[in-house]
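Participant: Below is one structure. I have some questions about it.
None of the figures in this text is laboratory data; all of them are computed from the coordinates on show. This is a predicted model, so every value here is computed, not measured. Backbone-built Cβ (ideal geometry, glycine too); neighbour counts: all protein chains shown.
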Amino acid sequence: MSKVKMSVQMIVSALCVFALGAVSALAQSDRGTVTGTARDSSGAVLVGVSITVTNVGTGLSSRTATGQTGTYTIPLLSAGTYTMTAELAGFKKHSLDGILDINSLNK
């Protein structure tokens, strides 16, 4: 089995949902949620992917793993800029810096 790079679609899904969730919640809170689906380059969902988001300013990280449908959710993230990594044995680690700055949504 050849190694397949994780699809960028996973990160794009997270960005869209995170931004929408943060905008709708800003009137009540400065918290947001990252949610998405991990897929390989063929579009198949990936189960058991370790997803980590790290607040660049504080260094605090939140982790989860994808479930049977390849989905993940990391709720209650405080305002700030985040990096995101996705890891699964047999796949190349995928990282994205500065995925969202919740504070920029207030401007």
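Participant: Applying the Karplus parametrisation 6.51 cos²θ - 1.76 cosθ + 1.60 with θ = phi - 60° to the phi angles of the range 92-97, what ³J(HN,Hα) value in whole Hz is obtained for each residue in order, glycine and proline being reported as x?
Facilitator: Along the range 92-97, the couplings run 6, 4, 10, 10, 9, 8 Hz.
Participant: Sorted by packing (mean other beta-carbon atoms within 10 Å per residue), highest first, where do 62-74, 31-43 land?
Facilitator: On the way: 62-74: 15.9, 31-43: 18.4.
Those peptides, ordered most packed to least, come out 31-43, 62-74.
Participant: At a Förster radius of 30 Å, what calculated FRET efficiency corresponds to the Cβ-Cβ distance of THR69 and SER95, to the nearest 0.05? Numbers along the way, then the final one.
Facilitator: Values: r = 23 Å, r/R0 = 0.77.
Efficiency computed from Cβ-Cβ geometry: 0.80.
Participant: To continue, here is another question. From the backbone phi of the range 86-91, what are the Karplus-calculated ³J(HN,Hα) couplings (6.51 cos²θ - 1.76 cosθ + 1.60, θ = phi - 60°) in whole Hz, Gly and Pro given as x?
Facilitator: 10, 9, 8, 3, x, 10
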